[in-house]
1. Out of everything in the stretch 37-93 that is of a type in the set (D, E) and under 21 Å from the mean Cα position of the chain (by Cα), what residue ends up being farthest from K297 (Cα to Cα)?
2. If a residue has to be out of contact with any strand residue (DSSP E or B) (no Cβ under 6 Å at 6 or more places or on another chain), under 21 Å from A179 (Cβ atoms) and not in a helix (DSSP H, G or I) to count, how many in the stretch 272-316 make the cut?
3. Of all residues in the stretch 289-298, how many are within 19 Å of P70 (Cβ to Cβ) and either open to solvent by less than 20 Å² (accessible area, probe 1.4 Å) or among the polar types (S, T, N, Q) (or both)?
4. Would you be able to tell me the number of residues in the stretch 204-215 that are under 19 Å from the mean Cα position of the chain (by Cα) and open to solvent by 30 Å² or more (accessible area, probe 1.4 Å)?
5. Condition first: under 18 Å from G287 (Cα atoms), open to solvent by 20 Å² or more (accessible area, probe 1.4 Å), among the β-branched types (V, I, T) and at pLDDT 95 or above. Can you find one or more residues in the stretch 49-58 that meet it?
6. Read through the list (1) over 28 Å from F76 (Cβ atoms); (2) part of a helix (DSSP H, G or I), then give the number of the only condition that E251 fails.
7. Quick check on E192: is it within 23 Å of I10 (Cα to Cα), out of contact with any Asp or Glu (no Cβ under 7 Å at 6 or more places or on another chain) and surrounded by fewer than 23 Cβ atoms within 10 Å (Cβ to Cβ)?
8. Looking at (1) outside any helix (DSSP H, G or I); (2) closer than 24 Å to L180 by Cα, can you tell me which one P220 breaks?
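The values are calculated or read from the model by the stated rules, or taken from the named source; none is laboratory data. No experiment lies behind these values; they were computed from the predicted model shown. With ideal geometry, Cβ positions are generated from the backbone for all residues, glycine too; neighbour counts draw on all protein chains shown. Each accessible area value is taken on the protein alone, full model and side chains, heavy atoms only, with ligands, DNA and RNA left out. Shrake-Rupley method; radii C 1.70, N 1.55, O 1.52, S 1.80 Å.
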Amino acid sequence: MPLHPEAQRIVGRTPAEDPDAAAAPPDVPAMRERFRLMWTMPEDLRPVGSVAGTAIPGPAGDLPARVYTPEGDGPFPAFVWFHGGGWTIGGLDENEYACRAVCAEAGAVVVSVDYRLAPENPFPAAAEDAYAAVQWVAAHGAQINADPSRIAVGGESAGGNLAAVAALKARDLGGPDLALQVLVSPVLGHPEDGRASYAEFAEGYFLTKASMEWFFTTYPTGPADLDDPYLLPLRSKDLSGLAPALILEAECDVLRDEGEEYARRLKDAGVETELVRYDGLIHAFFGPLASELSVAKQAHSRAAAALRAAFGTDGA
């Protein structure tokens, strides 16, 4: 299908890759600043009960986090969310719109976690931080009016990768039990794995193949890391016993095929899995671009409905 008109407007204003800069490694601070300037806080933010900053103890220091609490008394189920940005850029602010929407519609405490970024903190730093955040919510959820027996994880892009990794670690390392993993356009494989979406949408669809290749120069420490399922979950030989999954994909995204492959493998492993593809949409539709894409509200509602069902709060 052609690009959705709203996505086309975004693609039309996105700066093209500079061919003269392709021969030199991008400058990390410049990339972070460029990303920051691309995004502004929307005005029509969904009201929730409260929004508060907190710090979660991590393996190498405190992890900044933002806690969104719905209206009501609680305790509420908890949804631990990880932002995207290729493990290298991004932060909490660009997920404000989505986190508020999911908090209000799911009736869940959303804990948005700011993990350590590469290249200053390469693999496995972000993966360790993600799992530590989930463990903290399970052990100390009462501090944020959350029910530690009802936890789900989610994220978009590299954040979807970290949510999938947290689910793997929870299975492998003794918990906690997770009700659901919500993976939005997750990074699960490598740009050179040969999937068709990397060729079809390599340029001109917001996230480029070149950008993904660059992110893989900042996060892994070397080729051996690429065989580790805690970096690339598609490398896992066994996906059985994982939390149920909702995987949301944009049609016009280099990452589309690996998410859909992961959904198939989860189903084959006996994991309850729902896969949704949004036709004509581009990467980052759920979080950073949500206020500009009307379909994002549908995606937020889909995620919230899946969370309510997983938490057993439908109709509550």
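1. Among them, the one singled out is D62.
2. The number of residues fulfilling the criteria is 6.
3. Matching residues across the stretch 289-298 total 1.
4. Residues meeting the conditions: 4.
5. Looking through the stretch 49-58, at least one residue is under 18 Å from G287 (Cα atoms), open to solvent by 20 Å² or more (accessible area, probe 1.4 Å), among the β-branched types (V, I, T) and at pLDDT 95 or above.
6. (2)
7. It is false that E192 is within 23 Å of I10 (Cα to Cα), out of contact with any Asp or Glu (no Cβ under 7 Å at 6 or more places or on another chain) and surrounded by fewer than 23 Cβ atoms within 10 Å (Cβ to Cβ).
8. Failed condition: (2).
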